[in-house]
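The values are calculated or read from the model by the stated rules, or taken from the named source; none is laboratory data. None of these values were measured; they are calculated from a predicted model. Using ideal geometry, Cβ is built from the backbone for each residue, glycine included, and neighbour counts are taken over all protein chains shown. Surface accessibility is based on the protein's heavy atoms, side chains included, excluding ligands, DNA and RNA. Shrake-Rupley method; radii C 1.70, N 1.55, O 1.52, S 1.80 Å.
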Amino acid sequence: AQSVTQPDIHITVSEGASLELRCNYSYGATPYLFWYVQSPGQGLQLLLKYFSGDTLVQGIKGFEAEFKRSQSSFNLRKPSVHWSDAAEYFCAVGAGAQKLVFGQGTRLTINP
Amino acid sequence: GAVVSQHPSRVICKSGTSVKIECRSLDFQATTMFWYRQFPKQSLMLMATSNEGSKATYEQGVEKDKFLINHASLTLSTLTVTSAHPEDSSFYICSAPRLAGGPGEQFFGPGTRLTVL
């Protein structure tokens, strides 16, 4: 069965610092991978996605993620975080029939 | 971009009552919608797939008689929590696939916070 693991429940970084959020997946075939962001009281917004091709994908708000098949990982990165990036981040894998399986989420706190 | 709305955004009810949550795709048609449940500080768990014109498909462990789903039109799906109890208190989120975006890409509603007293 498909599964997604986000090892870090909570991460705190200083504004302007770089960020990496980890995501590991388990899936039998070529995965469709997603990163979503959830701000308090709001729905999930797609940051970026990987279906095929270039393993480094660019997303909105300056985020990028790299698909590494050998490590079953799809880590999210941003070179310099802004206070507005504070939110909950979810990694997800497409599980067939357009379903999504989500990781546990990583809560990002930004120190001024 | 496409928008998915949910109503109400927040509801408080007494134990034993039923609560209906609406999910609408505002500017596109959705033959399929998904309902998720999210407990505080936890991930989204898929509850069921709502199919326009046919029965919903429930995930393992989800009581279909407890969580009634009706997909009456191409823009509306409803989730009714019947005989709600405090353990049903949660954040319920719906989504609809963005067909042009590829498999698994979905538009999410803002969620409905249900509190059962």
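Check whether at least one residue in the range A:61-84 is open to solvent by less than 50 Å² (accessible area, probe 1.4 Å), facing chain B (nearest Cβ under 9 Å) and in a loop (DSSP other than H, G, I, E, B), and report yes or no. Checked the range A:61-84: no residue is open to solvent by less than 50 Å² (accessible area, probe 1.4 Å), facing chain B (nearest Cβ under 9 Å) and in a loop (DSSP other than H, G, I, E, B). Out of the range B:1-53, which residues are without any contact (Cβ under 8 Å) to a residue 24 or more places away in the chain, within 18 Å of B:Gly111 (Cα to Cα) and of a type in the set (S, T, N, Q)? Scanning the range B:1-53 gives B:Gln42, B:Ser43, B:Thr49.
Within the range B:10-45, being at pLDDT below 95, surrounded by 12 or more Cβ atoms within 10 Å (Cβ to Cβ) and among the polar types (S, T, N, Q) holds for B:Ser25, B:Thr31, B:Thr32, B:Gln38, B:Gln42, B:Ser43. Consider the range A:4-24 and keep the residues that are more than 10 Å from the chain's Cα centre (by Cα) and either free of Cβ contacts under 8 Å to residues at least 12 places away in the same chain or within 11 Å of another protein chain (Cβ to nearest Cβ) (or both). The one that is least open to solvent (accessible area, probe 1.4 Å) is A:Val4. Would you mind stating whether A:Tyr27 is open to solvent by 50 Å² or more (accessible area, probe 1.4 Å) and among the aromatic types (Phe, Trp, Tyr)? In short, yes. Take A:Lys99 and decide whether it is open to solvent by 20 Å² or more (accessible area, probe 1.4 Å), at the interface with chain B (Cβ under 10 Å from one of its Cβ atoms) and in contact with a strand residue (DSSP E or B) (Cβ under 7 Å, 6 or more places away or on another chain). When the stated conditions are applied, A:Lys99 passes them. Looking at the range A:34-50, is at least one residue outside any strand (DSSP E or B), within 14 Å of chain B (Cβ to nearest Cβ) and touching a Lys or Arg at 6+ places or on another chain (Cβ under 8 Å)? No, the range A:34-50 contains no residue that is outside any strand (DSSP E or B), within 14 Å of chain B (Cβ to nearest Cβ) and touching a Lys or Arg at 6+ places or on another chain (Cβ under 8 Å). Against the conditions (1) touching a residue at least 40 places away in the same chain (Cβ under 8 Å); (2) open to solvent by 40 Å² or more (accessible area, probe 1.4 Å); (3) among the polar types (S, T, N, Q), A:Thr106 satisfies every one except (2).
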